């Protein structure tokens, strides 16, 4: 009990010193996680009294403790919910859901990385956060456009050409991973 009291007192101190931008970043992380859970998971499970509080905790955890594996776990729970909805209940795969989930997961991930290095009491200008969100928005927009274009091409590329394009894409992803790993070893 004494250790819990110390932790509660430390939390009060953090809340008292917190500034607007770090709090806003963490709030956006929590909100993006909550919306992603809502879009991904089946509605009947979200409405249940057992699952909803668990999803709420999983979605908020990366905002509270951004330096751990909470963001990864939260993203895996979102993807698991989407798989449960599409495979388990047979829901139709809709483009708006896929793009929304991907956007929210990326936004949550990038802002969790920012929150991990941004102290609660940091004095930060809105320009820094705006620039960060602008770059994230560009990545999301380019990804969405490429996704829609790729889906349009996949209808035209049927059979062997589609398999060849898939194998080439996987080879490029593996090559990029190897290149990044080698560059990290040099640094």
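Every read-out reported here was derived from the displayed coordinates using simple, explicitly stated rules and does not represent laboratory data. Bear in mind the structure is a predicted one, so any value in this text is a computation, not a measurement. All Cβ positions, glycine included, derive from the backbone under ideal geometry; neighbour counts span all protein chains shown.
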Tilt relative to the chain, helix 126-156 - C-alpha long axis, 0 to 90 degrees, to 10: 20 degrees
Highest GNM mean-square fluctuation among 27, 113, 168, for the chain with Cα springs under 10 Å, belongs to 168
FRET efficiency for residue 57 and residue 18, using Cβ-Cβ distance with R0 set to 25 Å, rounded to 0.05: 0.75
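Rounded, prolate or oblate: which fits segment 76-145 when a ≥ b ≥ c are the square roots of the eigenvalues of the alpha-carbon gyration tensor, with rounded for a/c under 1.5 and prolate only if a/b beats b/c? If you can, show how the numbers build up before the last one.
Values: a/c = 4.71, a/b = 1.99, b/c = 2.37.
Cα axes put segment 76-145 in the oblate bin.
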Fewest to most neighbouring Cβ within 10 Å: what's the order for 106, 61? 106, 61
Between rounded, prolate and oblate, where does segment 30-112 land on the alpha carbon gyration tensor, with a ≥ b ≥ c its root eigenvalues, rounded for a/c under 1.5, else prolate if a/b exceeds b/c? oblate
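Which of rounded, prolate or oblate describes segment 2-156 when judged by the alpha-carbon gyration tensor and an a/c cut-off of 1.5? Write down the numbers at each step before the final one.
Working: a/c = 3.24, a/b = 1.41, b/c = 2.29.
Here segment 2-156 falls in the oblate category.
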To test your reading of the geometry: what angle, between 0 and 90 degrees and rounded to tens, separates the Cα axis of helix 70-83 from the longest principal axis of the chain? 40 degrees
Gaussian network model of the chain, Cα within-10 Å springs - most flexible of 132, 82, 41: 132
Expressed as an acute angle from 0 to 90° and rounded to the nearest 10, what is the orientation of the C-alpha long axis of helix 2-17 relative to the principal long axis of the chain? 80 degrees
Just to be sure I understand: with springs between alpha-carbon atoms less than 10 Å apart, which residue in 17, 97, 67 has the highest mean-square fluctuation in the Gaussian network model of the chain? 17
